[in-house]
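Read the structure below first, then the notes.
Derivation of every value follows stated rules applied to the coordinates shown; laboratory data play no part. Every value quoted in this text rests on a predicted model; they were computed, and no experiment measured them. Cβ: placed from backbone, ideal geometry, glycine included. Neighbour counts: every protein chain shown.
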């Protein structure tokens, strides 16, 4: 009987370790998925827009003034915040004005 009790304890310990290892593997997978998920990127101000589009400040101001990315722009007083992903989509879908 002592051997059965000892074997049972060992088996429970092994099961516990395996469950902990499985939980750890699952947690690592979730973290990897979170890191691979694209996050929203916001840019601040005309200079942030110019840096994002890699253009000059006057060109970024013209894009902003054109109204083509108005849906991506939020302003609070003198602070301008632009959802860069939405701005790119809006520029792709909106024909250039000539």
- Choose one answer from 35, 18, 64: the residue with the largest mean-square fluctuation in a GNM of the chain with alpha-carbon springs under 10 Å. 18
- So, relative contact order of the range 42-93 in percent, Cα under 8 Å, 6 or more apart, is 40
- Item | the chain, helix-only ellipticity at 222 nm - DSSP H runs n ≥ 4, -39,500 (n - 2.57), divided by all residues, nearest 500 | -21500 deg cm²/dmol
- Rounded FRET efficiency, nearest 0.05, which uses the C-beta distance separating residue 36 from residue 62 and R0 of 22 Å: 0.05
- Query: To the nearest 10 degrees, how steeply does helix 84-93 sit against the main Cα axis of the chain, on a 0 to 90 scale?
  - Reply: 60
- Note on the structure: Checked against the structure, the computed Kirkwood radius over Cα pairs in Å among (1) 15.8; (2) 17.8; (3) 12.8 is the one labelled (2)
